[in-house]
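Notes for the one structure printed next.
The values are calculated or read from the model by the stated rules, or taken from the named source; none is laboratory data. Since the model is a prediction, treat every value here as computed from it, not as a measurement. Every residue, glycine as well, gets a Cβ built from its backbone with ideal geometry; the counts of neighbours run over all protein chains shown. Note: accessible area is taken over every heavy atom of the protein model, side chains too, but ligands, DNA and RNA are not part of it. Shrake-Rupley method; radii C 1.70, N 1.55, O 1.52, S 1.80 Å.
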Amino acid sequence: LHVQQELPSDKPYHQYVIEHFSDGIQVTGLAYVPFGDGPFPVILVLHGYTPPADYFRGFDAALLAETYALNGYAAIMPDYRGYMNTAGGPNPMRIPYAIDVLNLIGVLDMLDVLDEERVGVIGHSMGGGVATYIMVLAEEVDAVVLYGSLSADQAVNFDYVDEVWSHYWMLYTASIYGSPETHPDLYAAISPVNYLDWVNMPVQIHHGDADAVVPVEWSRDLAGR
């Protein structure tokens, strides 16, 4: 993990473009870091979906990150692989994005200004789905917040994307990995909802009941479980 450059800013915190490597792939991101020596507790702010061609650093995350930076936290917004002209490759059910975030958490100690012993994660929409993997896999994370999150059940996500967003993309996914109908055990195995006994940190779930994009029932179901 290292700083590529510091961006010019009139804000009362530093703005850095950072990068780390995940599966040998360069992954970039934006960091808001308070003035001072630190080390500062870290909040990873995970953005939701937009096509890579429409993405810009801080998309869907900068307002939250600024709030954290103004209150003494270092806020890091990873771009994920395939964004900002980085390499992508196959991306089944967005799981490689979770790998990118896990690898980022693993190298936070490389920057002295970051306190790798105090780490929180907040994810919105697709980023919430990524955060559900962090929730069950990253014991070192102190708290997780899900905000309008995708389902923690990948079969539910598959069926919803197929029906509502992109039948073509799910046909393509099924042609390689199978579908929940043809491979139910596989989709169960890759679903964080089936590993909730691994959760070791407090989890907070937010979801607007007028959300017309991601069904609030998914968050209610997870909260109940």
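Looking only at the range 147-156, decide whether some residue is assigned to a loop (DSSP other than H, G, I, E, B), among the acidic types (Asp, Glu) and surrounded by 16 or more Cβ atoms within 10 Å (Cβ to Cβ). Yes; the residues of the range 147-156 include at least one that is assigned to a loop (DSSP other than H, G, I, E, B), among the acidic types (Asp, Glu) and surrounded by 16 or more Cβ atoms within 10 Å (Cβ to Cβ).
Here Gly36 does not qualify as free of Cβ contacts under 8 Å to residues at least 40 places away in the same chain, part of a loop (DSSP other than H, G, I, E, B) and buried (at least 16 other Cβ atoms within 10 Å of the Cβ).
The listed residues are Gly82, Gly58, Gly48, Gly88, and the only one of them that is closer than 25 Å to Asp112 by Cβ, of a type outside the set (A, V, I, L, M) and not in a helix (DSSP H, G or I) turns out to be Gly58. Search the range 203-225 for residues that are part of a loop (DSSP other than H, G, I, E, B) and pair each with any residue that is basic (Lys, Arg) and open to solvent by 60 Å² or more (accessible area, probe 1.4 Å) when their beta-carbon atoms are under 8 Å apart and the residues are at least 6 apart or on different chains. Hits for this filter: His207/Arg220. Against the conditions (1) open to solvent by 20 Å² or more (accessible area, probe 1.4 Å); (2) part of a loop (DSSP other than H, G, I, E, B); (3) not acidic (Asp, Glu), Thr67 satisfies every one except (2). List the pairs whose first member sits in the range 177-201 and is touching a residue at least 60 places away in the same chain (Cβ under 8 Å), whose second member is among the basic types (Lys, Arg) and open to solvent by 20 Å² or more (accessible area, probe 1.4 Å), and whose Cβ atoms are under 9 Å apart, counting only residues at least 6 apart or on separate chains? Close Cβ pairs satisfying both conditions: Val193/Arg225; Leu196/Arg225. Note on the range 98-119: among residues that are open to solvent by 10 Å² or more (accessible area, probe 1.4 Å) and of a type outside the set (A, V, I, L, M, F, W, C), the one that is farthest from the chain's Cα centre (by Cα) is Asp112. When the criteria are applied in full, Tyr177 meets the requirement of being farther than 15 Å from His124 by Cα and open to solvent by 70 Å² or more (accessible area, probe 1.4 Å). Evaluation of Ala143 against the conditions (1) farther than 14 Å from Pro215 by Cβ; (2) open to solvent by less than 20 Å² (accessible area, probe 1.4 Å); (3) over 8 Å from the mean Cα position of the chain (by Cα) shows that the sole unmet condition is (2). Selection within the range 1-33: residues that are under 25 Å from Leu102 (Cβ atoms) and not in a strand (DSSP E or B). The member of this set that is most open to solvent (accessible area, probe 1.4 Å) is Asp23.
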